[in-house]
Each structure stands twice: as structure tokens, then as C-alpha cells.
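Trainee: Structure incoming, see below.
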Amino acid sequence: MTTAQPLMAAISLAPLLLIFFFTGPVVSWRPWPNTNPNSTDLLYGGSKKYEGSSEFVHLKYHMGPVLTANITVYPIWYGKWQSSQKRIIREFIGSFSAVNSKPPSVSGWWKTVQLYTDQTGANISRNVHIGEEKNDRFYSHGKSLTRLSVQSVIKSAVSASTRPLPINPKSGVYLVLTSDDVYVQDFCNNVCGFHYFTFPSIVGYTLPYAWVGNSAKLCPGVCAYPFVVPDYIPGLKAVKSPNGDVGVDGMISVIAHEIAELSTNPLVNAWYAGQDPVFPVEIADLCEGIYGTGGGGSYTGQMLNGKDGATYNMNGIRRRFLVQWVWNHILNYCTGPNAIDQ
């Protein structure tokens, strides 16, 4: 175990308490550029710019559907991807249901997400697997995408003349993954990934989807943190990524973040905190930047170090990953399988 890693003390807005005794607002952090350390936006932001910085936690169920049937993730590889990069992401998603993985495991992390239910009492599915995939290596919608054009990428994938992706509105997760030379609206400045549902006027169907970008060239110090530290934070040392690819290892936690939220709030009318469903504070937002016991404020919490010096906190089928924790609404705090009291 390493000790809790400091990030940037000036950003901390609350005392650093052990997360297991924390009952107030969960204040977490990403090294966004141009952050005003004294801004109240960090605590009461009206957008998801500061993921995890929210009001006092009042997570509620708003009676909408959650993904209780076997979940199928449909990756859409937009841009140029190496086969080794695809393997890392595929094996991570495959680890959600790999109950025999060495603890602390990704499947142990997913058990917290499974605690959430719909109005009938049915839990989030324990089964998550990868379905058909689509490659868009020729950047059919260009190298600069808006949020709406991300939906157009999905439209192209489900309506392709050859091997279109299946239409699965009830248990499908359409995961748009953009390569490191693609810019998406608000990428790096505001978000590293997002989820929503497609509009029938664009795609023809209402499908839950998420986007996550590879930040390796654009902003690794923001979206691949703590594997890269931005230049404007002097004296802070980066940690070694567990799979040797900083951009993809940085994507892993964002993918986990978005799939956890999409599963518990696919149509933005199920599990979230706050009064505005347009800017919901969801189960992963509440734990952004927390990877272990003692996390919160400006600390990641206690993580694990491998013999090769790599930093991680969970084991998958054959790999190690660094994945942020998620909110446990029964215990009313952030939890993860690598907690020191487990």
C-alpha cells in the first residue's frame, strides 16, 4: 500500500476525513486548467465541470428505469486504435462479471453498482459483456465532434450497410471511444467523458450511450491523471500506469464512471442527487478522484503498488486497473473493493 497521495492542497474545500466516516458533501478533484481555488463552483457547480463536487448528498430514486437485464456493451472505435489498446479496454469491461478475479477485483467494484434497484426492486444486472463492435477508422464525422455529432456516430454504427450494431434500447450500452487525435466538445476543459441517451430525431431510437476520449495527446494531465501530472502543478510526481498505456489506462476509470452512471440513470430519471435532471449529480460524480481509503478532498486515497512499480487498485481477468470508487446509497459513502477494512 502507498500512503494517500496528495494532489493540490489549495483545491481542498473540506477537512480531509476518512471516507468511511464522511457524512457531509463529498468533495473530489480533477486538475482542470484555469481553476479558481476559491470558487464556490467547486462545491455548488451547476454543471458537471467539477465532477464529484456537489451539494450535500441527497441521492434519490426518481422512478425511472435502470439496467436490470443482462448488459451488453457495444464499443464504437472512432479513429485509429491499436489492437493492444482495444485489448486493454475489452478485458476491463469483461472483468465486470469475472467473479473469480483476484481480490480486490473489478467485479467487487461492480457489486456496489448492483445494489441499485428499479421501482420493482430489481437490481442492476450482475452480467456485463461486450457485444458486437464497430470500427470507424476513417473519421466519418471528422476529427472534431460536438455532443450531437457523437450521436451521429452512433447513427452510422446502427444503420451501417454491413454489420450494423444491434438495436438494444433496454440493456444496451453504446460506448463511443475516440482516439487520441479526436477532439470532442468540452473535452479537457470540462469533461473526460459523458453519458446520455440518443434522440430519435437523430438516431431513430432512444439508446443509452456514453462517450470517452483518449486524452494522451490533448490533456493527459487532466484526464489521465494521476499517470500524468500537468505542468501547472509543480513538484507532484506521476505514478506508473498498470498497462503501459497512459491514455488508455486513464480512460479506464472514466469508462467505469460512465457505465456505472448509465446503468443507474440511463434516461436521466432514475438515481441522482440535486434538483436539476439536466445536470444530475450521479453515483460516480460523488466519488470522482477517490481510489482508496482516505480519499476525498485533495487526496486519491490508498492505492496498491505492483512489483513493477505500477499503481492500481483493482484486478481484472488478466490485468490490473485504477478505477474510481462509486457511491453506496445503503451505507451513504463511497466504497470500493480495496478498502482497508475489507
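Each value in this text was obtained by applying a stated rule to the coordinates, not by laboratory testing. Quick caveat, the model's predicted, so the values are computed rather than measured. Positions of Cβ are generated from backbone atoms using ideal geometry, with glycine treated the same way; all protein chains shown enter the neighbour counts.
Trainee: Calculate one ³J(HN,Hα) per residue across segment 76-81 by plugging θ = phi - 60° into the Karplus curve 6.51 cos²θ - 1.76 cosθ + 1.60, and present them in order as whole Hz with x for glycine and proline.
Mentor: Calculated HN-Hα couplings, in order: 10, 8, 9, x, 9, 10 Hz.
Trainee: Could you give the length gained by full extension between ASN70 and LYS86, i.e. 0.36 nm per residue of separation minus their alpha carbon distance, to one decimal place?
Mentor: 3.5 nm
Trainee: Still on this model: Taking 2.2 N^0.38 Å as the expected size of a compact globular protein, what ratio does the Cα radius of gyration of segment 9-335 give against it, to two decimals?
Mentor: That ratio works out to 0.92.
Trainee: In sequence order, what are the phi-derived ³J(HN,Hα) couplings for segment 192-200 according to the Karplus relation 6.51 cos²θ - 1.76 cosθ + 1.60 with θ = phi - 60°, rounded to whole Hz, with x for glycine and proline?
Mentor: Using θ = phi - 60°, the values come out as 10, x, 7, 9, 6, 10, 6, 8, x Hz.
Trainee: Another question, if that's okay. Count charges around GLY316 for me, please; just the other residues with Cβ under 14 Å from its Cβ, Lys/Arg as +1, Asp/Glu as -1.
Mentor: After counting each charged neighbour, the total is +4.
Trainee: What are the residues whose amide H is under 5 Å from the amide H of VAL326, where those residues sit 5 or more places off or on another chain and H is modelled from the backbone?
Mentor: The answer is THR335.
Trainee: Okay, moving on. First select every other residue whose beta carbon is under 14 angstrom from the beta carbon of LEU331; then total the charges, Lys and Arg +1, Asp and Glu -1.
Mentor: Neighbourhood net charge equals 0.
Trainee: Further, regarding this structure: List the residues, sorted by chain then number, that are 5 or more residues from ALA160 or on another chain and whose placed amide H is less than 5 Å from its amide H.
Mentor: It is LEU165, by chain and number.
Trainee: Further, regarding this structure: Please compute the net charge surrounding TYR205, taking Lys and Arg as +1 and Asp and Glu as -1 over other residues with Cβ under 14 Å from its Cβ.
Mentor: +2
Trainee: If packing is taken as the average number of other Cβ atoms within 10 Å across a peptide's residues, how do 240-253, 282-295 rank, most packed first?
Mentor: 282-295, 240-253
Trainee: I would also like to ask the following. For segment 274-284, what does the Karplus curve 6.51 cos²θ - 1.76 cosθ + 1.60, with θ = phi - 60°, yield as ³J(HN,Hα) per residue in whole Hz, taken in order and with x for Gly and Pro?
Mentor: x, 9, 10, x, 5, 10, x, 9, 10, 5, 8
Trainee: Set the bar at 28 Å for Cα to Cα. Now go through LYS80/LYS307; LYS86/LYS111; LYS102/LYS143; LYS111/LYS170 and name every pair that lies beyond it.
Mentor: LYS80/LYS307; LYS102/LYS143
Trainee: Something else now. If a/c stays under 1.5 just call it rounded; otherwise compare a/b with b/c (prolate if a/b is bigger, oblate if not). Do that for segment 112-198, with a ≥ b ≥ c from the square roots of the Cα gyration tensor eigenvalues.
Mentor: Verdict is oblate for segment 112-198.
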